[in-house]
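A short write-up of the structure that comes next.
The values are calculated or read from the model by the stated rules, or taken from the named source; none is laboratory data. In this text, all values refer to a predicted model and were calculated from it rather than measured experimentally. Here the Cβ is made from the backbone with ideal geometry for all residues, glycine too, and neighbour counts use every protein chain on show.
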Amino acid sequence: MDKLLIAGGIPLSGEVAISGAKNAALPLLCAALLTKEPVTFTNVPHLNDIGTMLKLLAQMGVKVSREAAVPAGTQSAGAGDTVTLDAAGLDNAVAPYEMVKTMRASILVLGPLVARAGEARVSLPGGCAIGARPVDQHIKGLTAMGAEINVEQGYVHARATRLKGARLFTDMVTVTGTENLMMAACLAQGETVIENAAREPEVVDLANCLIAMGARISGAGGDVIRIQGVEALHGATHRIMPDRIETGTYLCAAAATGGEVRLTGASATSLDAVIDKLMDTGCEIVAERDAIRLKAPRRLTAVSVRTAPYPAFPTDMQAQFMAINAVADGTAVMRETIFENRFMHAVELIRLGADIKIDGNTAFVKGVAKLDGATVMATDLRASASLVIAGLVAQGETLIERIYHLDRGYEGLEQKLAALGADIRRVK
């Protein structure tokens, strides 16, 4: 199993390109199930989760054509692939457990399959062990739209001759729930209104693609989305948005190491909460039209954060900020309100010398003068990123085990960090 070996203490410096967003790409690929015509996506990141989703769609009868942006083996940072999906031959509306056990986003095929094929059998998904992420809101919404749904032997089995528009209110803000129901509603009869909808930029990116395919959607980006169902959608070409979490992660890495970087192909508009907090640490940040520049101070000032749904501070950036607070001046209070089991990285950071105390959903992080390299273990995707940041700061060598989590969400991580001057390599 691969590991990452990092020799820390080198300030990051230079320029690197940001990849397409994983959390936007996964629902977008599922949207191709809604039409018999080909749909082309550009800026598709080269990630394990993307590969898993494409294999899942292929076994359903979808023709998958993937054109790498660069020759195999060179993996140029930020050069996204072009993927064309043709679901005209859709003939197997089943998402089996063995294909989806590592990826929670697999549930996103449920809505499109029921809307287009009239039936779906989707395994209850797996993914990172960061807490309960139930699919009951997906089931509740599709049931309100007229689907007959049974959960049996670990599978969600849904049937509907044709879904009907309905007024849907989610009990909690759910990104994948909003995306699933919005896709299903595109082919439903009549109007569907989703209240308490997720407002994330990835939801807006999906809505923009669906509109390009002929869907009638308004309100995406707000908490009420209206969809007028149509008889059929057509093909389209769509460029996937930049990955805001990857952007935030590299900004944190540069900040923690006292570096100065420029991230190209990045957008600051979806990162307001993160950029505000980085500026509070003492970083200088300049947003350009298609890039972000950061210059870090000699030592950061600790910043407290509280995670909440967009546009508040994202839970997917909590671990990275714990890493920078570990070496900042002062004490930070970090509250996690989204997932109940998302402080597993704290124990590993403590192994590197961090001063962290956990009380329920709150972490108290007192900055220390230095971290020392050690062997640590990644427990989930964003926890892995926090350990990389800590390893870049720590004196000596840090060995990070179980980095397959990183490969699910960060394209060419070690290549991009090496391009910024980091001493980092993958070892077997």
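Annotations for the structure displayed:
- Scanning region 306-327 for residues that are buried (at least 24 other Cβ atoms within 10 Å of the Cβ) and either farther than 20 Å from residue 250 by Cα or over 18 Å from the mean Cα position of the chain (by Cα) (or both) yields 322, 323, 324, 325, 326, 327.
- Flag if residue 266 is of a type in the set (Gly, Ala, Ser) and touching a residue at least 40 places away in the same chain (Cβ under 8 Å): yes
- Considering residues of region 367-384 that are farther than 30 Å from residue 243 by Cα and of a type outside the set (D, E, K, R) only, the residue surrounded by the fewest Cβ atoms within 10 Å (Cβ to Cβ): 369
- Lone unmet requirement of (1) among the charged types (D, E, K, R); (2) within 30 Å of residue 373 (Cβ to Cβ); (3) at pLDDT 95 or above; (4) exposed (fewer than 15 other Cβ atoms within 10 Å of the Cβ) for residue 2: (3)
- On the stretch given as region 246-266, residues that are within 20 Å of the chain's Cα centre (by Cα) and crowded, with 21+ Cβ neighbours inside 10 Å total 10.
- Residue in region 164-183 that is touching a residue at least 60 places away in the same chain (Cβ under 8 Å), in contact with a helix residue (DSSP H, G or I) (Cβ under 6 Å, 6 or more places away or on another chain) and among the aliphatic types (A, V, I, L, M) present: yes
- Across region 223-245, the number of residues qualifying as out of contact with any helix residue (DSSP H, G or I) (no Cβ under 8 Å at 6 or more places or on another chain) and either crowded, with 22+ Cβ neighbours inside 10 Å or among the aromatic types (Phe, Trp, Tyr) (or both) comes to 1.
- Filtered residues of region 200-222 (kept if surrounded by 19 or more Cβ atoms within 10 Å (Cβ to Cβ) and in a loop (DSSP other than H, G, I, E, B)): 200, 213, 215
- Counted residues, region 413-428 - those being assigned to a loop (DSSP other than H, G, I, E, B), modelled with pLDDT of 95 or more and of a type outside the set (A, V, I, L, M, F, W, C): 1
- Test: residue in region 280-293 that is within 30 Å of residue 41 (Cα to Cα), at pLDDT 95 or above and buried (at least 20 other Cβ atoms within 10 Å of the Cβ): yes
- Qualifying residue in region 95-114 (condition: hydroxyl-bearing (Ser, Thr, Tyr) and buried (at least 19 other Cβ atoms within 10 Å of the Cβ)): yes
- Qualifying position, being among the acidic types (Asp, Glu) and either more than 17 Å from residue 201 (Cα to Cα) or in contact with a Leu (Cβ under 7 Å, 6 or more places away or on another chain) (or both), among 288, 246: 288
- Contact annotation: residue pairs with Cβ atoms under 7 Å, 6 or more positions apart or on different chains, pairing a residue in region 141-162 that is touching a residue at least 12 places away in the same chain (Cβ under 8 Å) with a partner that is basic (Lys, Arg) and in a strand (DSSP E or B), are 145/164; 146/164; 147/159; 148/159; 155/121; 157/121.
- Here residue 240 fulfils each of the conditions (1) within 30 Å of residue 323 (Cα to Cα); (2) out of contact with any strand residue (DSSP E or B) (no Cβ under 8 Å at 6 or more places or on another chain) apart from (2).
- Of the helices (runs of 4 or more DSSP H) lying entirely inside region 295-412, those carrying at least 3 residues that are modelled with pLDDT of 95 or more and farther than 23 Å from residue 25 by Cβ are 318-325, 344-351, 381-393.
- With respect to being in a strand (DSSP E or B), closer than 30 Å to residue 320 by Cα and over 21 Å from the mean Cα position of the chain (by Cα), residue 193 falls outside the description.
- The number of residues in region 134-171 that are under 15 Å from residue 197 (Cα atoms), outside any helix (DSSP H, G or I) and among the polar types (S, T, N, Q) comes to 1.
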